[in-house]
1. Specify the angular offset, from 0 to 90 degrees and rounded to the nearest 10, of the alpha carbon long axis of helix 112-121 from the longest principal axis of the alpha carbons in the chain.
2. List S68, S34, S167 from most exposed to least, where exposure is judged by having the fewest other Cβ atoms within 10 Å.
3. I'd like the distance separating the alpha-carbon centroids of the stretch 1-78 and the stretch 133-189, in whole Å.
4. Around R128, with a cut-off of 10 angstrom between Cβ atoms, what is the net charge of the other residues, counting Lys and Arg +1 and Asp and Glu -1?
5. Tell me, what is a quarter of the convex hull surface for the C-alpha atoms of the chain, in nm² with one decimal?
6. Measure nothing fancy, just the Cα-based angle from helix 155-175's long axis to the longest principal axis of the chain, in degrees from 0 to 90, nearest 10.
7. Cα to Cα, under 20 Å, and not fewer than 8 places away if on the same chain: which lysines meet these conditions relative to K39?
8. For the stretch 48-80, state which trypsin sites (Lys or Arg not before Pro) are in a DSSP loop and have at most 16 other beta carbons lying within 10 Å of their beta carbon.
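Every read-out reported here was derived from the displayed coordinates using simple, explicitly stated rules and does not represent laboratory data. Note that the coordinates shown come from a computational prediction; the quantities given were computed from them, not determined experimentally. In this analysis, Cβ positions are derived from the backbone assuming ideal geometry, glycine residues included, and neighbour counts consider all displayed protein chains.
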Amino acid sequence: MKIVAGLGNPGRKYLGTRHNVGFEVVEELAKRFSASGSKTRFEAETTEILVGGERVLLLAPQTYMNLSGRAVRAAVDFYKVPLSDLLVICDDLNLEAGRLRLKGSGTAGGQKGLQNIIDQLGTTEFPRLRIGIGRPPAGFDVVNYVLQTFSKTERPDILDAVWKACSATESWAQEGLDSTMNRYNRADS
């Protein structure tokens, strides 16, 4: 069993916002693998898929971004999954819009959902896939920026990034972290 946690905020109000790209990835993965529906468990919407013979639990915490760690911790503890088999997918202000960055560990980099997961797990040693959403314009409030929907001109690049993030997640589940980092962290990927 592997766990893929896509971060976001629940509710229609947040659909399509910059902060919800993690949710978009797990939703697209569920579609891609014809998941049979979701259940509410661990304070999250969960769906199981099979990726190359590997069971993968897709997790979309419903606790709001800043408390995502509660759902992730509950699922990891329930399945007794080693943290190397957990992948957290979230937005990143410090990457240009549409850019992916996969790492095996590291700081939260200001991402509060990721920070809460680090706090709940007591370690930074777990894989994370960041999807760039770009920086807000000068003088623009960061909170308002991440809770804003993508513009019509940005949306195609973000849809492409979500698609690539799904492919990177499949690769991670089947081929492992190092090979996937080599392929998807390139600027042209």
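1. Here the helix axis deviates by roughly 30 degrees.
2. Details: S68 32, S34 8, S167 17.
Fewest-to-most ranking of S68, S34, S167: S34, S167, S68.
3. Taking the Cα centre of the stretch 133-189 as reference, the centre of the stretch 1-78 is 16 Å away.
4. Values: positive: R101, K103, R130; negative: D92.
With Lys, Arg at +1 and Asp, Glu at -1, the neighbours total +2.
5. Details: hull surface 39.6 nm².
If I average the Cα hull's projected area over directions, I get 9.9 nm².
6. Between helix and principal axis, roughly 20 degrees.
7. K2, K31, K80
8. Values: sites: R55, R70, R73, K80; in loops: K80.
Qualifying residues, ordered by number: K80.
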